[in-house]
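A short reminder: the numbers here are calculations on the coordinates, not readings from a lab. Quick caveat, the model's predicted, so the values are computed rather than measured. Cβ coordinates were reconstructed from backbone atoms using ideal geometry, including for glycine residues, and neighbour counts include every protein chain displayed.
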Amino acid sequence: MPNKQKGRPAAVNSEGFMIGKWTRPALLRAGAGLLALTMAQNVHAETAPAGDGPMIEEIIVSARRRLEPLQTTPVAVTALSEESLREQAVSNVADVGRLAPNLQIATGRNSSSIGFIFIRGVGQADESPTADPGVAQYVDDVYLGRLQGGLVNISDVASVEVLRGPQGTLYGKNTIGGALKINSKLPGPDAEYAASLSYGNYDSLAAKASVSLPLVEDALFWRLSVDRSRNDGFMRNNLTGTRANDQDVLSGRTMLRYNPSEDIDILFSLDGSRDRSAPYYGFVSATSETEITPVIQALIGDIGTYAKSVQGDIWNGAFDAGQEAVLAPFTPNEDVWGAFLRASYGDDELNVKSITAYREIKRDRMSEADASPLSIGNFADRMDQWQVSQEFQLSGEALEGRLNWQGGVFYYQEDVGLLTVANLVPAFVPLGLDQTRNQQLDVTTKSYAAFLNASYDLTEKLSGSVGLRYTSERKSIFVWNRSIATGATTFGPSDNARTFDDLSPKIGLDYEWTPEFFTYASLSKGFKSGGFNYDPDTIGTLQPYNPEKVWAYEAGVKTQWLDRRLTLNLAAFYTDYKDIQLQVFAIQNGTIFQPTANAGKAHVQGLELEARWQPGAGFTLYGSGALTDAAYDEYQDAVLGDVSDRKFVYTPKYSGLVGLAWEGPVSETASAHLDVNYSAKSRTWHDPQNTRAIAQGGYGLLNARAALRFQDDRLEVAAYGKNLTDRAYIQNGASLLDSLGYAIAFAGAPRTYGLEVNWRY
C-alpha cells in the first residue's frame, strides 16, 4: 500500500501557515450515523460541473499536532490565516470570538487583558489563581496557564486555529471545551520587511513592524516584531468628564531559527509585553434592597442614583472614585514575558521533538467593586506568576505509511502569588463590622502526563484512531488573611494540598468517500483540574473541589462541491458534562457562604456549520452557524434547592456569522479588496444565577474593511469599521444583588473606525 501521509504542500511559506496543493492522504474518516447521508450526497459531489471560479485553496492545520489538510482532519477546527485575520480586521484575540462557531470570548472584569473563553458551553469565568481555564490557549505550542494576559494582540501571526471539543489526549488538562492555538510567523531563508500604522476614533493608534533575515545562508534565520497600541477609552466618567477604559500596550518578539537540513529544526523565541492600560470599568446596572442597604445609604449614599439599564446609554457612567490611600501602591500595570526552545530531529519515519518553555506575569491592578463615586467597595491586587513546562514528543509512521503514531511525556509547574487589598465598606469599621482585608495567597501546581496516540489506515478509505493520556497533578495552597483596619489576623496562616489524577482516552473512525467528501466520528474524554476555595469557610479549612469531566460524542462531514469552489463542513456533538464547578450557596454552622463546588451535571448538544463559496468574479461568500442546547441535569443549591432550570453562562442558543468578500483590479497597478461581515448571537447569560440585570439579549455586530493595494500588493491603504451600527451591548457582568445590593455590567465597544497603511517587502 502506498504511503498516503508523505504528501507535501506545493508552497510552504516562512510564516508556518501552509496553503497549497496537497497530495490528499487517505485518512478516510467515517461516522456510522452519517453513512446514508454522505452516500446520497457523494453522487452530486462527483458529477458537479466545473465552474469558472477558482478553487478554494487547501489549508493545512496542526490540530492533531501534525500537518494535515483541514478537509481531512477528523476534528472540528476553524483555521484563520494571516490574510483572513487582516481582512476581517482582527486586532486582538477577543475579535476571534465572532469568527468561529460556538466560540465566545469576553473581556474579563476590571482588566482588558483577561479573556473568558467558552467553546460549546464549556469555559471559565473565574480569574482566581485556584481556577483553571476550560479552554486551553497555546502560543507556538506553549500552554498559557492563566486567564491573565490571554487577550494578546494579533501581530505577526501566521494563523489562528480554534479546536472545538475536548482535546485531552494530545493537549492534556484544561481542554474540555477545546483549544485556541496561535501560530507565529517564523523566520525563514527569505528576507522580509513589514510595517503597519493605523489611526482611529477614540485616538486609537497602532504601529507594527517586523523584519526577518537569513543570518547564515540556508541554515540560520532571525525574526523581530514589535507592536505598539493605545487608545483613550470608549467609556466616559460622568463624574469627571474624562475617558475611561483606555488601553496602552507595547509588545514584541524575537526568534532565532537553526534549520540547516530537513532533519534538524531548532527555534528559540523570546517575547514580552508591557501593559499600562486602565482598569476595565463597568457600570451599575441594577440595585436591590438587602439587610445592609439602609446602613449603606445612611453612611455612604444611595448607589441606586447611579444605576442604568443595560438597554440605556451604557457608554456613559463608568465612575472612578479616586485612588484611596490604602490602594495607592497598586498603579495598574501588567508585564508578561516568556521564552521557549523548540527542537526537532528526524523525518516522517521517526521524529523526536522537545519543547522547553518559561513564562512569567507580574501585575498590579486597582479597581472599584461598585462602579460608582461611592466608597462601597474597592480592591487592588498584586499577582506574581511563573510557569515552566517541558514536553518530549516521539512520532513516526510505519507499515508503508498506514500507521501514524505520537507519544510523549509532559511536565508543568506553576506558582501564583497574590496579594489582595479589599477595602469593602470601610464605613462599617467603626460599627464593628470590619470587612477590610489584606490577603496573602500562594498556589503551586505540579503536573505530570504521558500520552500515546495513533491512527491506522484500515483500508484505502477507512481509518481508525485511538489515544490515551494519563495526568497526575498536585496542587497546594497557602492563605493568610488580616484586617486592613486593625492589622489583626482573621484567618490563617493555613494551607492544604490535593492530588488529581485522570485517564483521558479517545477513539475515532473516519472515511474518505472521495477527495471531496470526508466523514468522521469520535468519542473522547476531557479533564479540567480541580481547585480550592481560598475564602475559608466557618470551620477554618480550605475546601477543595474535584475536577470537571466530560465525555464527548462527535460526528462530522467535510465536503467540497462545484469543482472545489464551495466548502460545506458540518459537525454534530453531544457532551455529557459532570462535576461542573459552580458557585452555590451553602450552610455550615448556621452561616451562609458561597463557595465553588461540584454542584452540577449537564448535557450539551448541538450542530455547527461552516461554509465558504467562491462563485467567481472575485467574490467570496462565507459564514458559520451554531445551534447549542445546554441544560443542567442536576444543579443543587443548599439554600435555593433545585436550580437545574438555570441556563449556561456565555452559551447563546443561536450564533452565526455571514460575510461577503470581493477583490479585483481597479487599474493596471492597483487592486481593491472589500470584506463585510455580520455576526449575531441570541440571549447570553453572564452569571450562574442568571441575573437579568446583567444578561444580554440577542444582538448583532456589523464590521467592514475596504482596501486598495499597490506595488504587487506590497502597499495597502485600508479603512475599517467595527460595530458600524453602534449597537449597545454588554459582554460581561457580575451580580452582588443578594449581598451588597447592586449588579455591575461591562459594556462592549461602540462604533470604532479608522485608517491603516500596511507595507511589506
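The value obtained for region 605-647, namely the Cα convex hull volume divided by the number of residues, is 63 Å³ per residue.
When only alpha carbons are used to place a centre, region 169-198 and region 642-675 end up 21 Å from one another.
Using only Cα coordinates, the Kirkwood hydrodynamic radius of region 235-337 works out to 18.1 Å. Sorted largest first, the principal axis extents computed over the alpha-carbon atoms of region 221-287 equal 65, 24, 13 Å. Once the convex hull of all Cα atoms in region 143-236 is built, its volume per residue stands at 145 Å³.
The relative contact order of the chain, computed from alpha carbon pairs under 8 Å that lie at least 6 residues apart in sequence, is 13 percent. D by Stokes-Einstein for the chain, Kirkwood Rh over Cα pairs, 37 °C, 0.692 mPa s: 121 µm²/s.
The packing ranking of peptides 226-232, 145-151, highest mean first, is 145-151, 226-232, where packing means the average number of other beta carbon atoms within 10 angstrom of each residue. Farthest toward the positive end of the dipole of the chain, out of N183, A749, A207, is the Cα of A749, where the dipole comes from beta carbon charges about the Cα centre. Taking only the Cα atoms of region 402-445, the radius of gyration and Dmax are 22.8, 76 Å. Over the C-alpha trace of region 498-580, radius of gyration and Dmax come out as 20.5, 69 angstrom. Please give the net charge around S273, taking every other residue with its beta carbon less than 9 angstrom from that of S273, where Lys and Arg add +1 and Asp and Glu add -1. For residues surrounding S273, the net value is -4. Per-residue ellipticity at 222 nm, computed for the chain from helices alone with -39500 (n - 2.57) per DSSP H run of at least four residues, works out to -1000 deg cm²/dmol.
Normalised Debye scattering of region 272-419 at q = 0.22 Å⁻¹ gives log10 I(q)/I(0) of -1.27, counting only Cα atoms as equal scatterers and leaving out solvent.
The distance between label points at L431 and L394 comes to 6.7 nm (points 7 Å beyond Cα on the Cα→Cβ vector). Using r as the Cβ-Cβ distance of L341 and D218, and R0 as 30 Å, what FRET efficiency do you calculate, to the nearest 0.05? Here the calculated transfer efficiency is 0.90. Computed on region 619-761, with alpha-carbon pairs under 8 angstrom and 6+ residues apart, the relative contact order is 18 percent.
Put simply, the C-alpha atoms of region 453-515 give a gyration tensor, and the ellipsoid matching it has half-axes of 55, 13, 5 Å, longest first. Here is the tail figure for region 643-695: Cα pairs spaced more than 16 Å apart come to 61 percent of all pairs. Each Lys and Arg contributes +1 and each Asp and Glu -1, all at the Cβ; summed about the Cα centre of the chain, the dipole is approximately 420 debye. Positive-end ranking of S269, Y635, I507 along the dipole of the chain, with charges on Cβ about the Cα centre, is headed by Y635.
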